[in-house]
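This report refers to the structure that appears directly beneath it.
The values are calculated or read from the model by the stated rules, or taken from the named source; none is laboratory data. Worth saying up front: this structure is predicted, and the values here are computed from it rather than measured. Positions of Cβ are generated from backbone atoms using ideal geometry, with glycine treated the same way; all protein chains shown enter the neighbour counts. Just the protein is used for accessible areas: all its heavy atoms, side chains included, with ligands, DNA and RNA removed. Shrake-Rupley method; radii C 1.70, N 1.55, O 1.52, S 1.80 Å.
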Amino acid sequence: MTVGQAARALFRGPGGIVRAVGVACVLVAVVVRGPVDTALFALVLAGLVAPPAAGAPRALDAAYGIGLIVAAWSGALDLYQSVGWLDVVMHLVVTGLVAAVAHLLLARRTGAALDPAAAAGGGQRAGVVAVTASLGLALSVLWEIGEYLGNTYVDDTIYVGYADTIGDLVAGGIGSAVAGLWLTAARVAGRAGSGPST
């Protein structure tokens, strides 16, 4: 596959439209928002290439991308401060989406985890849920460390606190466990093997 073909594949389908929006967000941040938001949206854009690499189903690809972009704009526009429940909902939903993509990426690119499409029997399905939940919790911890470092060294308006951190971790863990259950559902497992996003 040539570079041009790979680029075209990235912008195909619903996930491709979301990736195009991600590019536009970076450009808006560069022109209007400043260096902190530019760095934030550049990270989001980098994350948007994960679903195609994981062979994620189209719906998961698009939902994941939308989740990342909405979460980033919510932070950039200070919506987490003005809408009290939004932070918990984002940690619940977006962490679950990220954990699902991370599980597929780990399974399909490294073989270090069982591909949910191959899970047979209750034990293997429970393992998929446990691995997805664990990935979500681990990624949540990294996110919270990033928030702390951001608050300490970049922008002291980034909110951090004990209750906020614990609440975010719990929400992320629950969302990731639900994502693991979703990955093991027969209809999803069948699509996950045959309907990648590219």
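Go through (1) free of Cβ contacts under 8 Å to residues at least 60 places away in the same chain; (2) open to solvent by less than 60 Å² (accessible area, probe 1.4 Å) for Leu114 and report which single condition fails.
(2)
How many of the residues in region 102-130 are under 16 Å from the mean Cα position of the chain (by Cα) and within 14 Å of Val178 (Cβ to Cβ)?
1
Could you list, in sequence order, the residues of region 77-110 that are over 26 Å from Val131 (Cβ atoms) and either in contact (Cβ under 8 Å) with a residue 12 or more places away in the chain or open to solvent by 60 Å² or more (accessible area, probe 1.4 Å) (or both)?
Leu77, Asp78, Leu79, Tyr80, Gln81, Ser82, Gly84, Trp85, Leu86
Which one is farthest from Asp61 (Cα to Cα) among residues in region 1-30 that are open to solvent by 40 Å² or more (accessible area, probe 1.4 Å), of a type in the set (A, V, I, L, M, F, W, C) and within 17 Å of the chain's Cα centre (by Cα)?
Val23
Of all the residues that make up region 58-70, how many are open to solvent by 20 Å² or more (accessible area, probe 1.4 Å) and within 16 Å of Leu139 (Cα to Cα)?
Counting residues in region 58-70 that are open to solvent by 20 Å² or more (accessible area, probe 1.4 Å) and within 16 Å of Leu139 (Cα to Cα) gives 1.
Answer yes or no: is there a residue in region 48-57 that is assigned to a loop (DSSP other than H, G, I, E, B) and open to solvent by 30 Å² or more (accessible area, probe 1.4 Å).
There is at least one residue in region 48-57 that is assigned to a loop (DSSP other than H, G, I, E, B) and open to solvent by 30 Å² or more (accessible area, probe 1.4 Å).
Filter region 140-159 down to the residues that are closer than 19 Å to Leu92 by Cβ and of a type in the set (A, V, I, L, M, F, W, C), then identify the one that is surrounded by the most Cβ atoms within 10 Å (Cβ to Cβ).
So, considering only residues that are closer than 19 Å to Leu92 by Cβ and of a type in the set (A, V, I, L, M, F, W, C), the one surrounded by the most Cβ atoms within 10 Å (Cβ to Cβ) is Trp143.
Any idea which of Ser134, Ser74 is open to solvent by less than 30 Å² (accessible area, probe 1.4 Å) and in a helix (DSSP H, G or I)?
Result: Ser74 is the single residue among Ser134, Ser74 that is open to solvent by less than 30 Å² (accessible area, probe 1.4 Å) and in a helix (DSSP H, G or I).
Pull out all pairs, ordered by first then second residue, where Cβ-Cβ is under 6 Å, the residues are six or more apart or on different chains, the first lies in region 157-170 and is over 14 Å from Gly84 (Cβ atoms), and the second is in a helix (DSSP H, G or I).
Here the result reads Ile158/Glu147; Ile158/Gly150; Ile158/Asn151; Val160/Glu147; Val160/Tyr148; Val160/Asn151; Thr165/Glu144; Leu169/Ser140, each pair linking region 157-170 to a residue that is in a helix (DSSP H, G or I).
Any residue at all in region 172-195 that's at pLDDT below 90, among the aromatic types (Phe, Trp, Tyr) and open to solvent by 50 Å² or more (accessible area, probe 1.4 Å)?
Within region 172-195, not a single residue is at pLDDT below 90, among the aromatic types (Phe, Trp, Tyr) and open to solvent by 50 Å² or more (accessible area, probe 1.4 Å).
Check Ser82 against each of (1) farther than 17 Å from Trp143 by Cβ; (2) hydroxyl-bearing (Ser, Thr, Tyr); (3) touching a helix residue (DSSP H, G or I) at 6+ places or on another chain (Cβ under 6 Å) and name the one condition it does not meet.
Of everything listed in (1) farther than 17 Å from Trp143 by Cβ; (2) hydroxyl-bearing (Ser, Thr, Tyr); (3) touching a helix residue (DSSP H, G or I) at 6+ places or on another chain (Cβ under 6 Å), Ser82 misses just condition (3).
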